[in-house]
Each structure stands twice: as C-alpha cells, then as structure tokens.
1. How about the stretch 184-291: which trypsin sites (Lys or Arg not before Pro) there lie in a loop by DSSP and see at most 13 other Cβ atoms within 10 Å?
2. For Cα extents along the principal axes in Å, which listed value, [x] 50, 43, 43; [y] 66, 48, 40; [z] 60, 50, 36, comes from the coordinates shown?
3. Show which aspartates and glutamates lie in cross-link reach of Lys190 when reach means a straight Cα distance below 14 angstrom and same-chain residues fewer than eight apart are skipped.
4. Relative to the longest principal Cα axis of the chain, at what angle does helix 37-46 sit, 0 to 90 degrees, rounded to 10?
5. Sequence gap at least 6, Cα distance under 8 Å: using those rules, report the relative contact order of the stretch 186-295 to the nearest whole percent.
6. Compute the acute angle (0 to 90°) between the alpha-carbon long axis of helix 252-261 and the principal axis of greatest extent of the alpha-carbon atoms of the chain; round to the nearest 10°.
7. Using Cα-Cα distances under 8 Å and only pairs 6 or more residues apart, what relative contact order does the chain have, in percent?
8. So what is the relative contact order for the stretch 49-101, in percent, with contacts set as C-alpha pairs under 8 Å and at least six apart?
Amino acid sequence: MSTPATAEQPVFETDQGRFSLQRYPRQKNSQLKAWDAADAYLLNTLSEQNLADKKLLIVHDNFGALSLPLLPFSPMVYGDSWMSEQAVRQNLIANGIEAEIDFESSLETLLARDTKPECIVGRVPKNKAQFAYLLSRLREFAAPGCELFLAGMDKHLSRGQYELVEEYFGPSSFMPGVKKARIWRAKVDKTLSTRASYFKRFSLPEFALNIDSAPNVFSRDKLDIGTRFLLEQIAKLPQKARVVDLACGNGVLGLAYLKRYAPESLLFVDESYQAIESVRYNLENNWGQSLDSDP
C-alpha cells in the first residue's frame, strides 16, 4: 500500500505497514512529522484487536497517520479540519493508494447514516467543548457494545478531558503510557443521557448582533481580547466594496463590518468546517441571508 521513501519523504512504520507521510500544508525544511508516538501506540494496540468484521470510525486524524494504515478496514473518517482532510487525501496519492477515503466533515451528516460504528478510534481533540459534544453524539451513534480508543500525548491531555469520556460516552480506563503517549479506552453506555450543547450564543448590543458558535470554534461563548480590540477599531477602518474575513471563526469581525459598512461582497475564510457553519447560521439568524461559499 505504500511507496518507497526518499530523503524528503519521512516514513511512518507501523504494524500495518510503511507509509510516506507529509504534513499539510508542506513547509520546506520543516522537521515536524505527520505522526507522533500516540499514533504509533494506537495502531500497535489496534493490531491486537479483531477489527476484521467490525465497522470502524476514525475521528480527528491529523494527517492520515491513522486513516492510511487502517484503510483496509474501510473506515468512516470524521474531522472538522479542511487541512487534515487535504493531508489525508494527498498522502493517499503520495503512497500510490487509489482507494477513496470516506471522509465526512459534518458530524450531523455522519450521524444520519444507517451504518453504526462498532469500534471508534482517533485522537483526543484539544478543544474540550468539541470533545464533550463529540463524545455525546458518538455515544448515540455507536452500535451497542462499541469500544472507543482515543490517543494523545501526555502534554496535551488532562484529567478534565478524561472525565468527559465517562460523563458523555461510557466507562473508561487508562492504558499504560508509552513514550509519553496515552490511550483512553472506553465502552459505550447507551443508557447515558447527557449531551453537550452545540451552539453557544453571546450578544453584541453595540452592533445589534447575536453570535452563535459551534463547539470547535475558538472562544465560542465570549469575545477574546484580540477580537474585542479589533471590534473597537471597526469605526476607523476604511469602507471597501470587497472584504475578506481571514480565519473568521464564528464570523464576528466580518459580521460587525457588514453591519457598519454593508460591502458588496464579504468572503469568510476558515479551515474549520464548524467555523463556516457558524458563519452561515449567524448570517441567517441576523440577516435572513445564506452564505454562498465553501470552507
């Protein structure tokens, strides 16, 4: 399934094979790898599991370090990152793999499928709001008896994150640490009823705006200090016909500009699918308009 590596193509060796993996976007002379010890630990653990007859779901695979080795099991793959999706697809091509990846960027679209996962594997999201909502929805989506294997590096994990697994998915346990990596293993408890909220709202009376944000959006329930400062400068900005809101998040800066200046066009750009979904929701909620663009 893989191609020989060159000096510019670092190789990820797993129990499932050897894979040439690159981060996306590629950066010349970067020493950062497209995998870490948590990916390797998780794949080695899964090689001891009987996945042959189970429907597999992969969540939050950063660059394809999980999706490519597990592709023989025809997994569903969910992620909120456009860059991660591109990394997976480009690494498929780089390894000469012609199979299509079943990547889904909308969690709700994924949850509407008839096929229910019997094993869920992936990385622990850094965003706790996203993690809580993801766990609660996966619990509802998972088949009875479904097992969950989530990996992460110790420096990115916390007791609070671990407690979310038991609160929103089911009974869980730590697996022994390996090379500063950790795996949390859990079994779905279909009797749990807790669910984290999806949209969180705050208001900006000075702009007559209600701002709703999906779980994976930065500072989803309040303004961060940088955005607050920029909003205070809106009146000093020049009035332009075509405007771009880069790394828009929930779109609050672009929407505030739209309220004040009503430009002819306003382009919202973000690599998070949930961010673009939040902007669409906020446009419809505040103006009754829809967003005609792709993330």
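1. Filter output for the stretch 184-291: Lys190, Lys222, Lys240.
2. [z]
3. Straight-distance partners of Lys190: Glu118, Glu140, Glu147, Glu166, Glu167.
4. Value to nearest ten degrees: 50.
5. This gives 24 percent for the stretch 186-295.
6. That helix lies at roughly 20 degrees to the long axis.
7. Answer for the chain is 13 percent.
8. Relative contact order for the stretch 49-101 comes out at 36 percent.
Every number here is computed from the coordinates shown, using simple stated rules; none is lab data. Quick caveat: nothing in here was measured; it's all calculated off a predicted structure. Positions of Cβ are generated from backbone atoms using ideal geometry, with glycine treated the same way; all protein chains shown enter the neighbour counts.
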